[in-house]
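For reference, the structure is listed below as structure tokens.
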Amino acid sequence: MDYFKDLLKDTGYESLALEELELSRDEHYWLITIGYTKSGTIILGSSTRMYKLFKIDAESGEVVSMKIRIVP
């Protein structure tokens, strides 16, 4: 969460939440999905939820990658 907040501090977001947490099959990485709403995107009482998928080295805790996660 701290990595996300630091990386996107200038973009404006609300309702930050841990959505999913999974250990990879080989147990080398944590796959973490963080959901959020961009500030100012609430339209007619609904909001557009966005997601980022982080791949984190299970041993060192270093972020290896961040991807946009599209939820159908």
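The values are calculated or read from the model by the stated rules, or taken from the named source; none is laboratory data. The structure displayed is predicted, hence computed values, not measured ones. Don't worry about glycine lacking a Cβ; one is built from the backbone with ideal geometry, like all the others, and counts go over all protein chains shown.
Looking only at residues in the stretch 1-18 that are part of a loop (DSSP other than H, G, I, E, B) and among the charged types (D, E, K, R), which one is farthest from VAL64 (Cα to Cα)?
In the first step, residues of the stretch 1-18 are kept if they are part of a loop (DSSP other than H, G, I, E, B); the result is 1, 8-12.
Filter once more, so that each one left must be among the charged types (D, E, K, R): 9-10.
On the way: LYS9: 19, ASP10: 22 Å.
Per the criteria, the residue is ASP10.
How many residues are out of contact with any Leu (no Cβ under 8 Å at 6 or more places or on another chain) and either modelled with pLDDT of 85 or more or not in a strand (DSSP E or B) (or both) when one looks only at the stretch 34-48? Total satisfying the criteria: 9.
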